[in-house]
Amino acid sequence: MQLIDAVVIGAGQAGLTASYHLQRTGIDHVLLDRGSGPGGAWRNRWPSLRLGGVHGIHSLPGSEFSEADGARPAAEVVAEYFGRYEHELALPVLRPVKVDAVRDGGERLLVESSAGTWVARAVINATGTWENPFWPHYPGQQEFTGRQLHTADYRGPEEFRGQHVVVVGGGISAVEHLLEISEVAGTTWVTRRPPHFTDATFTPEDGRAAVAEVERRVRAGLPPGSVVSVTGLPNSPAVLAARERGVLDRLPMFQRITADGVAWADGTAQRADVILWATGFRPAIAHLAPLNLRAPGGGIQLDGTRAVAEPRLHLVGYGPSASTIGANRAGRAAAHAVRAEIKNSLSHPVQGPNPL
């Protein structure tokens, strides 16, 4: 076991930001990352996602993001940027390290991992969502003889050339998949609710309103909601062109999956070679289960970044901070809160069992 002031779990935007501020305030910490290299979730984005098609990459603190070549794969560019950041600032990143569990060790928290156990005064969890794709279940799913995959598995449109793909999901990823795949294959778009496209410019006020709604949910102990449900889908030139071609003519959810496609309650059926589930992700927090953080509403109740049920734990990149700019703000806030907590604990030591 290794004694340390703080452990940060996850080296994406939120984790790197937290580590930056912990380092600047003199907090002894380690940054544990499951990935084989830098980049966080970005390193897993599909190769056909170019930098020019990405919305909202925000600079990390102290290092401007300045890549100008929009034709380069976003995964490649952001991984390079994060890697330079870690190296130039000498952040204490260890990888690949899988965190198995975070437990209450009495005076401190125990972070059990593939690289050993850390005994920490505080933990900042920044594991995001990419490692926990959400797969809905529908009758007949096991009967389908074609291929089923999730956005997390998507590598680009070429593998579907000449096939028919049913894309399920009402978010931006589903639209991006449809724009690409429809150039080489037949597509059908299916969503639970009618999608809302908007010509309105997404203003800072809109962003604050979306974040405020998600923050309201996590303060109430509810699972974080979808930002797209608040902001709508943008009518970019590419989206408008696809709508003209009928690519974005949406159908309601099918009733069941058949051996060779999907079927609706009215008897309508669609043959499919592939079902692509663009159904989003859930927070990757299974390792926090021993702390029993779930509120009655099903989510983790937060006060700012602090977990109400375990004040030594902070969640960043979760709920209202699940965006690049939100992750920066949350990482900074969590790091400064941890510094204040550690300073206070050193001034007022707690008498109790030593976890070692």
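Since every read-out is calculated from the coordinates, none of them should be taken as a lab result. Here the structure is a predicted model, which is why all the values come from computation and not from measurement. No Cβ is skipped: glycine too gets one built from the backbone with ideal geometry, and neighbour counts run over all protein chains shown.
If you take every DSSP beta bridge whose two residues both sit in the chain, what share of them, in percent to the nearest 5, is antiparallel?
Once the DSSP bridges in the chain are tallied, antiparallel ones form about 40 percent.
In terms of the ratio Rg/(2.2 N^0.38 Å) built on C-alpha atoms, what value belongs to segment 47-159?
1.47
If you take the C-alpha gyration tensor of segment 1-48, multiply each eigenvalue by 5 and take the square root, what semi-axes do you get, largest first, in whole Å?
Here the semi-axes work out to 25, 12, 6 Å.
Compute the distribution of all C-alpha to C-alpha distances in the chain, in bins of 10 Å from 0, and list the percent of pairs in each, rounded to whole numbers.
5, 23, 30, 24, 13, 5, 1, 0
Where the Cα atoms of segment 150-193 are projected onto their three principal axes, how long is each span, largest first, in whole Å?
Computed over segment 150-193, the largest-to-smallest principal extents equal 28, 19, 14 Å.
What are the extents of the Cα atoms of segment 13-106 along their three principal axes, in Å, largest first?
Principal-axis extents of segment 13-106 (Cα, largest first): 51, 28, 20 Å.
Calculate one ³J(HN,Hα) per residue across segment 251-268 by plugging θ = phi - 60° into the Karplus curve 6.51 cos²θ - 1.76 cosθ + 1.60, and present them in order as whole Hz with x for glycine and proline.
Here the 3J(HN,Hα) series is 10, x, 4, 5, 8, 8, 9, 10, 4, 10, x, 9, 9, 9, 5, 7, x, 5 Hz.
How large is the helix-only mean residue ellipticity at 222 nm for the chain, computed as the sum of -39500 (n - 2.57) over DSSP H runs with n ≥ 4, divided by its residue count, in deg cm²/dmol to the nearest 500?
Per the formula, -8000 deg cm²/dmol.
Assigning unit charges at the beta carbon (Lys, Arg +1; Asp, Glu -1) and nothing else, what dipole magnitude in debye, to the nearest 20, does the chain show about its Cα centre?
With Lys and Arg at +1 and Asp and Glu at -1, about 680 debye.
Rounded to the nearest 10 degrees, what's the angle between the helix 172-181 long axis and the longest principal axis of the chain, both from Cα atoms, 0 to 90?
It works out to around 40 degrees.
Using only alpha carbon pairs under 8 Å that are at least six residues apart, calculate the relative contact order of the chain and give it in whole percent.
Rounded, it is 24 percent for the chain.
In the Gaussian network model of the chain, springs joining C-alpha atoms below 10 Å, which of GLU86, GLU180, GLU244 carries the largest mean-square fluctuation?
With Cα springs under 10 Å in the chain, the top fluctuation among GLU86, GLU180, GLU244 is at GLU244.
At q = 0.13, 0.15, 0.27 Å⁻¹, what is the base-10 log of I(q)/I(0) for segment 67-117 according to the Debye formula with one equal point scatterer per Cα and no solvent? Please give it to two decimals.
Each listed q maps to, in turn, -0.54, -0.64, -0.98.
Helix 324-347 versus the longest principal axis of the chain: what is the Cα-based angle in degrees, 0 to 90, to the nearest 10?
Approximately 20 degrees, to the nearest ten.
With springs only between Cα atoms under 10 Å, which of VAL239, VAL93, VAL218 fluctuates most in a Gaussian network model of the chain?
Maximum fluctuation in the GNM of the chain, among the listed residues, is at VAL239.
At each listed q (0.15, 0.17 Å⁻¹), what is the log10 of I(q)/I(0) that the Debye formula gives for segment 253-323 modelled as equal alpha-carbon point scatterers?
-0.65, -0.69
Work out from phi, with θ = phi - 60° and the Karplus expression 6.51 cos²θ - 1.76 cosθ + 1.60, the ³J(HN,Hα) of each residue of segment 152-157, listed in order in whole Hz, and give x for Gly and Pro.
Using θ = phi - 60°, the values come out as 4, 9, 5, 10, x, x Hz.
As I understand it, the value is the acute angle between the Cα axis of helix 204-219 and the longest principal axis of the Cα atoms of the chain; what does it come to in degrees, rounded to 10?
70
Check HIS150: other-chain or 5+ apart residues with amide H under 5 Å from its amide H, H built from backbone geometry?
Under 5 Å from the amide H of HIS150 lie the amide H atoms of TRP277, each far enough along the sequence or on another chain.
Ranking GLU112, GLU64 by Cβ neighbours within 10 Å, fewest first, what do you get?
Exposure proxy ranking, most exposed first: GLU64, GLU112.
For each of LEU89, LEU3, count neighbouring Cβ atoms within 10 Å of the residue's Cβ, then give the residues from fewest to most.
LEU3, LEU89
Starting with the fewest neighbours, write out ARG72, ARG332 ranked by other beta-carbon atoms found within 10 Å of each beta-carbon.
Ranked by crowding around the Cβ, least crowded first: ARG72, ARG332.
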